[in-house]
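Written out below as C-alpha cells is the structure these notes cover.
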Amino acid sequence: MDQATIATWGGYHVIGPKLPLKLKEIWAVRIRLQMSMLVDLFIAAEEGKQISVSSLCIASAVPMTTALRWIAILEAKRLIERKADPLDSRRYFLSISQDVRDKMRDHFETRYL
C-alpha cells in the first residue's frame, strides 16, 4: 500500500504512518534536488546574473537546512563555487563551476537544439 493506512477510531478517520521510501525513490529525490540547483545556477550564469545562497535555498523548495547541506555537498565536489559579496560581508553568491557549466551547455546544445 503506497498511501497512508486509514483506521476508524471513534467515528474519525486516523491516518497512520506511511510506508518507508524505497532506496531508488530516495536517490531520485536527491538527484532531482541537486540537478534543480545546478540548472538554476547554470541559467543564472548564462544570463549574467548572480544568485545568493538564500535565493538558491528558497528556489529549491526544501527546508533551509536541507538546501544548505546540499549546497555544501555540491561545493565540496567542486561543482559550485561560493564568492563573498564585496558590498555586504554577510552575503555570499554561488556560481556553477566553469567545467560543469561547459558540460551542461554542451549537453543542452546537443540534446535540445
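Computed from the coordinates by the stated procedures, all read-outs in this text should not be read as laboratory data. Just so it is clear, the structure is predicted and the values come from calculations on it, not from any experiment. Neighbour counts are summed over all protein chains in view; Cβ atoms, including those assigned to glycine, are modelled from backbone coordinates with ideal geometry.
Report, ordered by the first and then the second residue, all pairs with beta carbons closer than 6 Å, sequence separation of six or more or different chains, a first member in segment 94-111 that is under 13 Å from I80 (Cα atoms), and a second member that is surrounded by 11 or more Cβ atoms within 10 Å (Cβ to Cβ) and of a type in the set (D, E, K, R).
L94/R82; S95/E81; S97/E81
Of the conditions (1) in contact with a strand residue (DSSP E or B) (Cβ under 7 Å, 6 or more places away or on another chain); (2) of a type in the set (A, V, I, L, M); (3) not in a helix (DSSP H, G or I), A61 satisfies every one except a single condition; which number is it?
Just one mismatch for A61, condition (1).
Filter segment 21-59 down to the residues that are acidic (D, E) and either surrounded by 12 or more Cβ atoms within 10 Å (Cβ to Cβ) or touching a residue at least 24 places away in the same chain (Cβ under 8 Å) (or both) and list them by number.
D40, E46
I'd like the residue in segment 77-108 that is among the small types (G, A, S) and more than 17 Å from M35 (Cβ to Cβ) and, out of all such residues, is surrounded by the fewest Cβ atoms within 10 Å (Cβ to Cβ).
S89
With respect to W70, determine if the residue is in contact (Cβ under 8 Å) with a residue 12 or more places away in the chain and among the aromatic types (F, W, Y).
So W70 fits the description; yes.
Name the single residue that is nearest to the chain's Cα centre (by Cα) among those in segment 69-113 being in a helix (DSSP H, G or I) and basic (K, R).
Here the residue is R69.
Restricting to segment 60-81, give me the number of residues that are closer than 24 Å to D102 by Cα and out of contact with any Ser or Thr (no Cβ under 8 Å at 6 or more places or on another chain).
The total comes to 7.
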